[in-house]
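Down below is the structure, laid out as structure tokens.
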Amino acid sequence: MTDCTFGFVGQKHKFVVVAADRSAARSIVVFKQDEDKVLELDASKLLGSAGSAPDGVAFTEFIQKNVALYEIDNGTRLDTFATANFIRNELAQALRRGPYQTNLLLGGLDRESPLYADDEASLYYIDYLASSNKVNFGCHGYASNFILSIFDKEWHPDLTVDQAKDLVQKCIDELQKRFLINLPAFTVKVLDKDGIRNLPLAANE
Amino acid sequence: MSIMEHNGAAMIAMAGADCVAIAADTRFGLRQQTVAVDFEKVFRMTDKTYVGFGGLATDVQTLRAALRFRLSTYELKEERVMKPKAFANLLSHVLYEKRFGPYFVEPIVAGLDDDGKPFLCGMDLIGAPVFCGDYVVSGTCTPNLNGMCEALWRPDMTPDELFEAISQCLLASVDRDALSGWGAIVHVITKDGVTSKRLKGRMD
């Protein structure tokens, strides 16, 4: 719950931003401040995770390898909806055996898929109980109490990348000011038709 | 808070004269926080059978996939469409299979028989069915829903009257429940087809 991952789509669904904090901590000790919690499943998918660290890493890497396997087996990539459903199914099956305590945000960009317009970005909010929702913006963890209100006010469908940068900065500033847990650094990744890149922010320099 | 109230739901199915309507809210929340306002809880099983799942959202999605599979298998093997009563029995069986580790949903089934007569069924989370002739409700505000339906339901309503009644019942009930609301969708099933409409309600 003290971990945070948030994300949103922008510019009429032409890009998606997924961000997460960089702290790896247990109890009162912080192990490292440069943990990357936004995994790149492939060149067109981002998976941000929040929650229990071992489950987060084990599950997201499992998903990453299965997504890669699908591409090898079938010669084509899974689209974002299919990936979200695959993730949801894995979580749902594990739920009543040995649940993964991990909340996820899946951001993806699709072309040549029957469900999406070309180069359409989408964001899926998947919680640890395995419910999946397609959303315009989302946030996991206690941080959602702060960030969702900012998104409600400031997000609109025509965000440019520069405006997205400002929005992310606003969210981070709010957390660093008002959230009890110290989150000094964030990973912020943008996915658009040119691929995945890090969004440079003042906080990370 | 009970696990059935983790996500929040409200749904009604009502019978009219040769028509049924099924309506549900569209809120998806995690306890007090609302996450999405377009979460589908009512699903088309066949042209004449709709089912609504109220309860834990993950089980709503799991059950939807499981039932779609069972129904498709049935239609492939039997080469015919499943009747609403058979579907309700199937659902009851699927739920009871998990008697000691249940799906946390309380479904309602609304359908039209082959002779056009309405079929309504409500179930608890382990599949105990109740077959009604007037209305069935499910969700986090069932006292509200039951009260509204008791007041506004009357026999032999036309599809338009049925739509009006079910909509007013749902909107009034969810307005007094924090965990449900944030949008609603109504499906009216008649022998000529299904009309689906989204309701404009309070988004709080």
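Of all residues in the stretch B:19-37, those satisfying the criterion of being among the charged types (D, E, K, R) and modelled with pLDDT of 95 or more are B:D25, B:R27.
Residue under question is B:P107, and the condition is that it be touching a strand residue (DSSP E or B) at 6+ places or on another chain (Cβ under 9 Å), surrounded by 15 or more Cβ atoms within 10 Å (Cβ to Cβ) and either in contact (Cβ under 8 Å) with a residue 60 or more places away in the chain or not acidic (D, E) (or both); does it hold? Spelling it out, B:P107 is indeed touching a strand residue (DSSP E or B) at 6+ places or on another chain (Cβ under 9 Å), surrounded by 15 or more Cβ atoms within 10 Å (Cβ to Cβ) and either in contact (Cβ under 8 Å) with a residue 60 or more places away in the chain or not acidic (D, E) (or both).
Annotation: of all residues in the stretch B:5-25 being assigned to a loop (DSSP other than H, G, I, E, B) and over 12 Å from B:G139 (Cβ atoms), the one that is most open to solvent (accessible area, probe 1.4 Å) is B:D18. Taking (1) at pLDDT 95 or above; (2) more than 20 Å from A:S132 (Cβ to Cβ) in turn, A:F31 satisfies each apart from (1). Taken together, the residues in the stretch B:64-90 that are within 19 Å of B:A23 (Cβ to Cβ) and aliphatic (A, V, I, L, M) amount to 1. Every residue in the stretch B:68-86 that is open to solvent by less than 90 Å² (accessible area, probe 1.4 Å) and of a type in the set (D, E), please. Matches in the stretch B:68-86: B:E75, B:E78.
The strands (runs of 3 or more DSSP E) found entirely in the stretch A:90-205 that carry 1 or more residues being within 14 Å of chain B (Cβ to nearest Cβ) and surrounded by 17 or more Cβ atoms within 10 Å (Cβ to Cβ) are A:102-110, A:120-126, A:132-135, A:137-140. If you go through the stretch B:1-19 and pick out every residue that is under 11 Å from the mean Cα position of the chain (by Cα) and more than 14 Å from every other protein chain (Cβ to nearest Cβ), you end up with 5.
Number of residues in the stretch B:153-203 that are open to solvent by 60 Å² or more (accessible area, probe 1.4 Å) and either basic (K, R) or more than 22 Å from B:D47 (Cβ to Cβ) (or both): the value is 17.
Which ones in the stretch B:150-172 are in a loop (DSSP other than H, G, I, E, B) and in contact with a strand residue (DSSP E or B) (Cβ under 6 Å, 6 or more places away or on another chain)? Within the stretch B:150-172, just B:W153 meets the criteria. Scanning the stretch B:173-204 for residues that are part of a strand (DSSP E or B), out of contact with any Pro (no Cβ under 6 Å at 6 or more places or on another chain) and among the polar types (S, T, N, Q) yields B:T195, B:S196.
Pairing residues of the stretch B:23-48 that are more than 14 Å from chain A (Cβ to nearest Cβ) and within 20 Å of B:C169 (Cα to Cα) with residues that are in a loop (DSSP other than H, G, I, E, B) and open to solvent by 10 Å² or more (accessible area, probe 1.4 Å), at Cβ distances under 7 Å and at least 6 apart in sequence or on separate chains, gives B:D25/B:W182; B:D25/B:G183. Once the stretch B:49-85 is narrowed to residues that are among the acidic types (D, E) and away from chain A (no Cβ under 11 Å), the residue that is farthest from B:M123 (Cα to Cα) is B:E79. Among the strands (runs of 3 or more DSSP E) confined to the stretch A:13-60, there are none with at least 3 residues that are charged (D, E, K, R), in contact with a helix residue (DSSP H, G or I) (Cβ under 6 Å, 6 or more places away or on another chain) and surrounded by fewer than 22 Cβ atoms within 10 Å (Cβ to Cβ).
The values are calculated or read from the model by the stated rules, or taken from the named source; none is laboratory data. Note that the coordinates shown come from a computational prediction; the quantities given were computed from them, not determined experimentally. We place every Cβ from the backbone using ideal geometry, glycine too, and count neighbours over all the protein chains shown. Note: areas computed on protein heavy atoms with side chains; ligands, DNA, RNA excluded. Shrake-Rupley method; radii C 1.70, N 1.55, O 1.52, S 1.80 Å.
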